[in-house]
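Everything on this sheet refers to the single structure shown next.
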């Protein structure tokens with residue numbers, strides 16, 4: 001059975017968002033404060049919109065934990081939507097009473113945008129395809145779930161994965177690498193991780209950040225939005241997570257899918273990524289210099305981004321995601337009406353961020369951590385943290401030792417017979 005799997009629930013303006021995380025080993029130290037850190041990081045960043053001023057995201061742990069330790073049973077998380085108070089009739093779960101329906105109809109007639117059915121589909125959103133797929137005539141049914149607000153639940157779940165990986169010596173973080181065509185210069189990336197995380201765009205290059213902020217301001221002035229690139233880095237992952245045996249057991253494929261599954265991401269790179277296509281092989285492949293005394297292996301570079309053949313190779317894992325400009329524009333693009341099929345001047349607009357690259361990086365951290373946690377458990381097994389940690393320690397010791405020299409004709413590959 002798959003371990004560390006999760007599912008989220010909830011709508012953008014519904015009463016809450018939820019997540020169920022199954023397969024977390026027993027004995028992991030976990031509190032609501034542990035989850036609050038990344039939820040707060042997700043809400044920050046220059047260019048965010050008004051919704052972040054309304055919400056103060058905090059996850060409640062409703063099951064699977066007792067006295068600050070996981071039980072091995074499913075963990076249920078809940079994050080309240082404070083904005084729900086403004087959408088109670090529009091988004092209520094039960095059928096509308098006759099008077100409530102009349103009230104919404106009157107509000108819509110008076111121009112209240114919340115009460116109006118939405119038919120002017122937004123370019124770049126799931127509106128048109130989603131409404132046709134599920135048979136809706138009101139796009140509200142689509143945008144409430146396709147909204148990036150759902151990622152709040154992913155980040156809450158990712159906080160559990162962070163605590164799990166951290167207990168095993170694996171750390172994950174991210175930074176903003178590019179906004180609106182302005183990229184970080186590694187030579188000027190002088191900020192520490194903590195300093196970068198505290199900066200307006202979570203950027204290690206202060207000069208680049210200043211130019212990025214100017215690009216965001218330019219987009220805001222034009223009623224437009226701007227995208228960029230985030231980078232996620234993993235330190236401490238052991239050699240051997242993932243497999244080359246089947247396509248669906250490759251860790252690079254799983255990580256790419258996890259990051260690509262973020263609403264606003266339209267491209268994923270690992271290591272050099274597409275830059276490899278512009279170089280000769282001699283300039284790409286990481287020379288292996290040998291094994292240290294402690295058994296760890298030395299690569300001259302890390303162009304592969306810590307993954308070769310779908311398997312971790314002991315170097316830091318490096319993943320980048322391409323963040324498209326946000327689809328909801330303050331000056332909406334022309335579109336068409338869902339019901340009539342006719343052109344309309346402006347797509348639907350409620351409110352929007354200008355840029356979310358820093359937040360997208362935090363979300364990507366969560367998706368990477370949840371994926372890594374599952375692959376660690378596939379490798380180590382174990383129902384409790386003591387068992388997982390012990391299995392991982394013994395595995396690290398085993399791969400640090402030199403293999404037995406092979407002999408011609410010996411098909412064992414270095415494996416001793418278990419029945420010998």
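Here are the numbers:
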read-out: Whole-Å distance, taken between Cα centres, linking the stretch 138-199 and the stretch 386-408; value: 33 Å
read-out: Cα principal axis extents for the stretch 168-246, largest first, Å; value: 50, 31, 21
read-out: Average projected area [Cα convex hull, the chain], square nanometres; value: 26.0 nm²
read-out: Among 109, 126, 347, residue whose mean-square fluctuation peaks in a GNM of the chain (springs only between Cα atoms under 10 Å); value: 109
read-out: Spin-label model distance (nm) - residue 93 vs residue 275, 7 Å beyond Cα toward Cβ; value: 5.0 nm
read-out: Kirkwood Rh and Cα Rg combined as Rg over Rh, evaluated for the stretch 4-84; value: 1.01
read-out: Overall form of the stretch 105-183 per C-alpha gyration tensor (a/c, 1.5; a/b vs b/c); value: prolate
read-out: Ranked 71, 329, criterion: other C-beta atoms within 10 Å, fewest first; value: 71, 329
read-out: For the stretch 296-367, diffusion coefficient by Stokes-Einstein and Kirkwood Rh (Cα), 10 °C, 1.306 mPa s, µm²/s; value: 97 µm²/s
read-out: Largest-first principal axis extents, alpha carbons of the stretch 182-290, Å; value: 52, 33, 31
read-out: Among 99, 223, 309: highest mean-square fluctuation, GNM of the chain, C-alpha pairs under 10 Å; value: 99
read-out: Convex hull volume of the stretch 37-170 per residue (C-alpha atoms, cubic angstrom); value: 185 Å³
read-out: Debye equation applied to the C-alpha atoms of the stretch 66-131, log10 I(q)/I(0) at 0.15, 0.21 Å⁻¹; value: -0.72, -1.02
read-out: Per-residue Cβ neighbour rank within 10 angstrom, fewest leading, 245, 368; value: 245, 368
read-out: Overall dimensions of the stretch 309-420 by Cα: Rg and Dmax, Å; value: 26.1, 79
read-out: Helical mean residue ellipticity (222 nm; -39500 (n - 2.57) per DSSP H run of 4+; nearest 500) of the chain; value: -10000 deg cm²/dmol
read-out: Ranked list, fewest to most other Cβ atoms within 10 Å of each Cβ, for 315, 195, 144; value: 195, 144, 315
read-out: Rg over Rh, two decimals, the stretch 207-266 (C-alpha only, Kirkwood Rh); value: 1.19
read-out: Rounded tilt (10° steps) of 206-221 against the dominant C-alpha axis of the chain; value: 20 degrees
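Here, each number is a calculation from the coordinates, and none is a lab measurement. Fair warning: this is a prediction, and the values are worked out from it, not measured in the lab. So basically every Cβ, Gly included, is an ideal-geometry build from the backbone, and we count neighbours across all protein chains shown.
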